[in-house]
Amino acid sequence: MSHHIVEVKNLQHIYSDGTAALKDVSFIITHGESVGIIGANGAGKSTLLQHLNGSLEPTGGSIHIGHTPLSKGTLPDIRRTVGMVFQDPDDQLFMPTVFDDVAFGPLNLGYSPADVEQRVSEVLELVSAGHLRDKPPYHLSGGEKKRVAIATVLSMSPDILVMDEPTNGLDPFARRQLMALMRDFEHTRIFTSHDLDMVMELCDRVIVLHEGEVRADGPAEDIFSNDKLLAECRLEKPLSMQGCPVCGGGPARAPKPRSPHHHHHPHS
Amino acid sequence: MASINKAVLDLKRLDLLANNDSGIHRLDARAKVLVTCVFILCVVSYDRYELAALFPFFIFPAVLIALADLPPLFIAKKIALLCPFVLVVGIFNPLFDREVLVNLGPLAISGGWISFASILVRSILTVGAAFILVGVTGFTAVCQALERLGMPQVFAVQLLFLYRYIFVLSEEGSRASRARELRSCGKKGLGIRSFSSLIGHLLLRTWQRAERIHMAMLARGFTGRFHAYRQSSFGKKELLFVLGWSTLFILLRFNNASQLLGTVVTGIFS
């Protein structure tokens, strides 16, 4: 399954106004990995993501998706392989109804009406949005829009999922719901986010971008326990790794044990 | 901007009406579009002094509102919103056209007033029919029907996008306007100048959004063609609906029903 590998080599992007958004970015992400790309505002996260499905053309360097170089000729194939979930679901949901929106990709891929019908029903069920299928997107809440936006991408059965700020603007419940959904995916997953707790929970590996360069790349717990690195990149520890705000005691959760260890307050 | 917000909310409500379930709602959209077109054509094709013959046409909106269970007051209010425009169009007729056409006892009514009233009644009928069409069909389905009736796809897609993003754009606009209002502290702010830059920003943001949407479309394999999915059929019911109403409209168009009714009534009493 070499389809799932993302290889970025010396990627460079200079916008037409002269801003160097990406100076030199290289990494390899392999099958099934879940990677968080973090960094300050303007570090180049969104620019980087837009390169992964060819929405932006690199100024220098190269990108391979599953050993296929990204180029004009391979674009259609790569766009099917890399499913991109945009930050603002209003940009992604442009069709009159939820059903039409989710069917948009499969219809473009030339599936038969029966296949489209089945696929749309499946992915809407998967993101628990089956009851929304005939609604127009502007009647949905933020969390519903986000889940439908993910469904529009899943309906094309991508091998790699790329999400820009997935938990942005969601209420705590919708955020948990979305995180549970993303945890169950078997795709190679790449997220950007400022929601470091989400990154901590969902990603084994973290890439820190700083001023257009890869500043650090490693296991999430290593990155998040490196105070110096985080401070330099305008980041901080996930809240779950910081001291308790009530008693100032140790972190609510130690860096790795995945089962949350509950922290009680006898004095509260 | 509050009024724009309200107008958008009303638009959403009109759209939600289309989700109701009634015999009229279930008809194929093409049938409803065709009937509405015939209706509008018949109504606007009258001579400009015609007034009495227009009234029987109210049967169409009345029957549809009743059958489809639409809120009549809501529709009436929507139509009333358009009245100022109609008044502007027609208000000069009574001034310029003073030739007396009808004498009601001592009251002489000029041709101007009659044509003015005719314009008003026609607007109510045609605009009302259009609102009802959207209320029983939904804007999207109307667009798809138009496309299947032969309108070029480019126009249909443009209309759909316009409708989809009117909500997003009006929200963006009202947010920007609210921000301006709050910072102008109840005064005029910078007057018209701040509005021009506000609108400029709105345009630029719309532009950027359009680019992002295009990117989202490309990311999902868009190649310039929209694939229609829904297949609804134009069956017996639809045919009956179209033929029935069209025949009635054409009959009404060529026979003055009001006059006929008048003759019958006066015939009984004489």
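The values are calculated or read from the model by the stated rules, or taken from the named source; none is laboratory data. This is a predicted model, so every value here is computed, not measured. When we count neighbours, we look across all protein chains shown, and the Cβ atoms used for this are built from the backbone with ideal geometry, even at glycine.
General remarks:
- Every residue from segment A:79-92 that is among the β-branched types (Val, Ile, Thr) and either more than 10 Å from chain B (Cβ to nearest Cβ) or in a loop (DSSP other than H, G, I, E, B) (or both): A:81
- Enumeration of residues in segment A:132-167 that are more than 19 Å from residue B:12 (Cβ to Cβ) and more than 13 Å from chain B (Cβ to nearest Cβ): A:143, A:146, A:147, A:159, A:165, A:166, A:167
- Number of residues in segment A:24-37 that are closer than 13 Å to residue A:202 by Cα and not acidic (Asp, Glu): the value is 5.
- Residue B:147 vs. criteria touching a helix residue (DSSP H, G or I) at 6+ places or on another chain (Cβ under 9 Å), surrounded by 17 or more Cβ atoms within 10 Å (Cβ to Cβ) and among the acidic types (Asp, Glu): yes
- Counting only helices (runs of 4 or more DSSP H) that sit completely within segment B:128-227, those holding 3 or more residues that are closer than 22 Å to residue A:89 by Cα correspond to B:153-183, B:192-219.
- Index of the failed condition, residue A:243 passing every other in (1) more than 26 Å from residue A:4 (Cα to Cα); (2) modelled with pLDDT of 90 or more: (2)
- From A:114, A:129, residue being more than 8 Å from chain B (Cβ to nearest Cβ), of a type outside the set (S, T, N, Q) and loosely packed, with under 15 Cβ neighbours inside 10 Å: A:114
- Residue within segment B:40-48 that is modelled with pLDDT under 85 and surrounded by 14 or more Cβ atoms within 10 Å (Cβ to Cβ) present: yes
- Put simply, of B:164, B:175 the only residue that is within 14 Å of chain A (Cβ to nearest Cβ), within 20 Å of residue B:205 (Cα to Cα), buried (at least 16 other Cβ atoms within 10 Å of the Cβ) and not β-branched (Val, Ile, Thr) is B:164.
- Restricting segment A:52-75 to residues that are of a type outside the set (Ser, Thr, Tyr) and part of a strand (DSSP E or B), the residue that is nearest to residue A:162 (Cα to Cα): A:65
- Listed here are the helices (runs of 4 or more DSSP H) enclosed by segment A:93-200 that have at least 2 residues being among the basic types (Lys, Arg): A:142-154, A:172-183.
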